[in-house]
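The values are calculated or read from the model by the stated rules, or taken from the named source; none is laboratory data. In this text, all values refer to a predicted model and were calculated from it rather than measured experimentally. Ideal geometry is used to build each Cβ from the backbone, glycine not excepted, and the neighbour counts take in all protein chains shown. Protein only, heavy atoms only, side chains kept; ligands, DNA and RNA dropped before computing areas. Shrake-Rupley method; radii C 1.70, N 1.55, O 1.52, S 1.80 Å.
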Amino acid sequence: MLFSVWENWRRRRVLRKHKIPADLWALTIKQVRAASHLSVADRERLRNVASLFLHDKYIELAQGMELTNAMRVRIACEAAIPILNLDLEHYHAWHTVIVYPAQFVSHEEFRDGAGVVHRHRSVRAGEAWHRGPVVISWEDVIENEDANNVIIHEAAHKLDMLDGAMNGRPPIHRSMNQREWTAAFSEAYASHVADVDAGRRTEIDAYAAKNPAEFFAVTSEAFFEIPDVLKRVWPVVYMQLSLYYRQQTATM
Ligand SMILES: [Zn+2]
């Protein structure tokens, strides 16, 4: 209680001094398709959340990139969309965004059941570290003609990790039903894996078949970027995401 009183006071104070300027905000939100379902009032609330995000988090450049104000605001705007009706507190374990100019090489290491350490390199548009930064490729932020949204994807991983495990099951709200969530997601995931394995064309990115965590991140992207498609393909997944994010994104 005391925390929330203090925190609300802090937020009001930050917004008085550091609110994203109206002209830059107007320019940014026009470019963000994932915000197109929001009303004028919701966009104004999003501006507040994005302003707080910018004030609270570090955005760092890799490889000598130059970070403009417009870039910072674009990143904050997209990161704020999933938590617009949750709370900034959902990003408490996320302090830093590292921006690469384009896709980058990631070195992964894991130990299998037999204790053997495997290392591999992969080229990525983004990644989210547990209790660490989110890394994104700027090229992938601005060139999202298809259904992809690298910032929303990595933000979804951050939400998923709030209970410690990245498994496609973020801690859901008390008003939601865990059984319904699991049934919706496991059925859609199984059918997606079957389609991808059979080489069938899918309307939702085939990458979602990699594992349940990627399925949650990719369907979260679809929820904001191509909601009508997601709702048509898997209406129950759309509904669960709508309850979770507390937003209605589809136009149908
Ligand atoms: Zn991912």
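In segment 110-252 the Cα-Cα distances spread across 10 Å bins starting at 0 as 11, 39, 37, 12, 1, 0 percent of all pairs. Is the shape of segment 49-113 rounded, prolate or oblate, going by the alpha carbon gyration tensor and its root eigenvalues a ≥ b ≥ c, with a/c under 1.5 for rounded and a/b larger than b/c for prolate? Since a/c reaches 1.5 but b/c is at least a/b, the shape of segment 49-113 is classed as oblate. Under the convention that each Lys and Arg Cβ holds +1 and each Asp and Glu Cβ holds -1, the size of the dipole of the chain around its Cα centre is about 1040 debye. Accessible area per residue (1.4 Å probe, heavy atoms of protein chains only) ranks W6, W181 as W6, W181, with the largest value leading.
Highest mobility in the GNM of the chain, judged by mean-square fluctuation with C-alpha springs under 10 Å and restricted to A70, A198, A22, is found for A198. Protein-only accessible surface at a 1.4 angstrom probe places the residues S175, S122 in the order S175, S122, largest first. Residues in segment 20-34 near a label at N69, defined as backbone nitrogen under 11 Å from the 7 Å Cα→Cβ point? Only 20-25 pass the distance filter. The Cα trace of segment 1-103 gives Rg and Dmax of 14.0, 43 Å, the first to one decimal, the second as a whole number. Each other residue within a Cβ distance under 13 Å of A217 adds +1 if Lys or Arg and -1 if Asp or Glu, for a net charge of -3. Have a look at P227, F185, I81 and report the one farthest towards the positive end of the charge dipole of the chain, computed about the Cα centre with Cβ charges (Lys/Arg +1, Asp/Glu -1). About the Cα centre, the residue reaching furthest to the positive side is I81. For K30, a cut-off of 21 angstrom between C-alpha atoms picks up these lysines, skipping any fewer than 8 places away in its own chain: K19. Taking R200, R124, R47 in turn, the Gaussian network model of the chain (Cα-Cα springs below 10 Å) assigns the largest fluctuation to R200. In the chain, helical runs assigned H by DSSP with n ≥ 4 each contribute -39500 (n - 2.57); averaged across all residues and rounded to the nearest 500, the mean residue ellipticity at 222 nm is -15500 deg cm²/dmol. Here the dipole of segment 145-201 is about 220 debye; that uses its Cα centre as origin and unit charges on the Cβ of Lys and Arg (positive) and Asp and Glu (negative). Among DSSP beta bridges whose residues both lie in the chain, state the antiparallel percentage, nearest 5. Counting DSSP beta bridges with both partners in the chain, the antiparallel share is about 60 percent.
Using all pairs of distinct alpha-carbon atoms, the Kirkwood hydrodynamic radius of segment 170-252 works out to 12.8 angstrom. Note on the chain: Cα convex hull, mean projected area over all directions, 15.4 nm².
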